[in-house]
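Remarks on the structure that follows.
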Amino acid sequence: MTKPSTIRFYLEPPLRKSAEEGRHNFIGKMAGVLEKAGYQAVFETPGMLGALPNRGRSLSHMKPPPDHEGLVFRRAYHYPFWQIEQTEKRWSWDTALSSFDPEHSPRKEAEHFYAFWQKRLFVGAVEQSERAGFVYVPLQGRLLEHRSFQACSPIEMLHHCLVHEPNRQIIAALHPKENYTATEVDAIEALAAQHPRLEVIMGNMQALLKSCDYVVTQNSSAAFNGYFFGKPALLFAQVDFHHIAVAADLHNLSQSFAEMENHAPNYAAYIHWFWQDQCINAGREDAEEKIAARLKRFGWPVG
């Protein structure tokens with residue numbers, strides 16, 4: 001029988017193997033914090049969820065926690081930045097509900113941090129950034145559905161782009177890892193056939209971020225990556241990195257699109273705040289301290 005002090009990590013098979021072999025830095029640090037507090041870390045796969053009625057506290061990678069005692073952890077878009085939360089819904093995270101004030105940012109430190117990650121993530125591309133007169137629309141899945149966290153469906157978002165951005169070309173990029181239905185493909189191809197300004201491609205995020213004027217999306221991480229290129233984002237859904245984006249107002253979309261012409265937030269201050277203040281940097285000496293603080297935030301007795 002499992003001891004009450006066991007903490008189960010629910011991980012996909014490759015991630016579980018990496019954790020068991022001690023090769024995953026962040027999971028290793030979380031397990032270390034828990035072990036110091038008297039817990040035993042056990043690595044399982046998500047398939048075990050249904051077979052454990054009294055599973056106790058758990059940490060799930062990206063997936064919804066199995067019950068009220070579980071937490072979820074997820075990479076904050078790039079390594080080594082992570083977040084621990086009660087829900088997989090990014091728009092409900094503490095960061096999403098927090099206020100960002102660029103005036104409170106350590107300017108020189110933030111600019112150095114931002115420049116470092118620009119070069120680290122997009123070698124050579126940021127220096128070639130330009131505005132070539134088109135709008136980049138990274139798409140995700142379920143193109144015809146309007147889900148609760150979205151302002152409208154993705155296909156309707158494309159309609160809005162074509163109506164309210166009358167001059168620029170619209171390049172919509174399908175996600176390479178999504179499986180689109182024939183109905184979805186037919187719908188977006190029909191839209192492109194009706195509107196010569198709309199081009200539909202697959203992937204190619206970095207090149208599109210380098211040359212677009214701005215990004216329109218639901219809540220694709222491509223918009224977050226666009227911040228490193230100084231590209232403003234218009235969001236048609238809720239997400240955790242919304243603070244410096246323009247939120248699409250369906251009652252006044254002309255104004256929402258008009259704002260994109262001169263929208264120039266402090267990207268350096270935001271990236272520094274988002275990653276160094278709001279997330280856990282697994283590469284820093286204070287990573288274990290921040291992990292413990294997040295676990296305490298949700299009532300876990302870890303010291």
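What the table below lists for this structure:
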item: Condition met for TRP91 (in contact with a Lys or Arg (Cβ under 9 Å, 6 or more places away or on another chain) and touching a residue at least 60 places away in the same chain (Cβ under 8 Å)); result: no
item: Some residue of the stretch 196-210 being at pLDDT 95 or above, open to solvent by less than 40 Å² (accessible area, probe 1.4 Å) and within 17 Å of ALA264 (Cβ to Cβ); result: yes
item: Scope the stretch 159-191; condition of a type in the set (D, E, K, R) and either surrounded by 12 or more Cβ atoms within 10 Å (Cβ to Cβ) or more than 21 Å from SER221 (Cβ to Cβ) (or both); matching residues; result: GLU165, ARG168, GLU178, GLU184, ASP186, GLU189
item: Any hit, the stretch 265-284, residues being open to solvent by 10 Å² or more (accessible area, probe 1.4 Å), without any contact (Cβ under 8 Å) to a residue 24 or more places away in the chain and of a type outside the set (Lys, Arg); result: yes
item: Any hit, the stretch 157-170, residues being closer than 26 Å to GLU88 by Cα and in contact with a strand residue (DSSP E or B) (Cβ under 6 Å, 6 or more places away or on another chain); result: no
item: Some residue of the stretch 213-220 being open to solvent by less than 40 Å² (accessible area, probe 1.4 Å), free of Cβ contacts under 8 Å to residues at least 40 places away in the same chain and not hydroxyl-bearing (Ser, Thr, Tyr); result: no
item: Within the stretch 167-177, tally of residues that are under 11 Å from VAL135 (Cβ atoms) and assigned to a loop (DSSP other than H, G, I, E, B); result: 2
item: Cβ pairs under 8 Å, 6+ apart, first in the stretch 57-80 and without any contact (Cβ under 8 Å) to a residue 60 or more places away in the chain, second surrounded by fewer than 17 Cβ atoms within 10 Å (Cβ to Cβ) and among the basic types (Lys, Arg); result: VAL72/LYS63
item: Within the stretch 285-303, tally of residues that are of a type in the set (Phe, Trp, Tyr) and open to solvent by 20 Å² or more (accessible area, probe 1.4 Å); result: 1
item: Any hit, the stretch 135-142, residues being open to solvent by 70 Å² or more (accessible area, probe 1.4 Å), more than 27 Å from GLN238 (Cβ to Cβ), touching a residue at least 12 places away in the same chain (Cβ under 8 Å) and in a loop (DSSP other than H, G, I, E, B); result: no
item: Members of the stretch 233-260 that are out of contact with any helix residue (DSSP H, G or I) (no Cβ under 8 Å at 6 or more places or on another chain) and not hydrophobic (A, V, I, L, M, F, W, C); result: HIS251, ASN252, GLN255, GLU259
item: Residue satisfying condition, being crowded, with 16+ Cβ neighbours inside 10 Å and modelled with pLDDT under 95, within set PRO102, PRO65; result: PRO65
item: Tally, over the stretch 111-130, of residues that are part of a loop (DSSP other than H, G, I, E, B), surrounded by 13 or more Cβ atoms within 10 Å (Cβ to Cβ) and not hydroxyl-bearing (Ser, Thr, Tyr); result: 2
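The values are calculated or read from the model by the stated rules, or taken from the named source; none is laboratory data. Everything numeric in this text was worked out from a predicted model, so none of it was measured. Cβ atoms come from the backbone with ideal geometry, glycine included; neighbour counts cover every protein chain shown. Ligands, DNA and RNA are stripped out before the accessible areas are found, and what is left, the full protein with its side chains, is counted by its heavy atoms. Shrake-Rupley method; radii C 1.70, N 1.55, O 1.52, S 1.80 Å.
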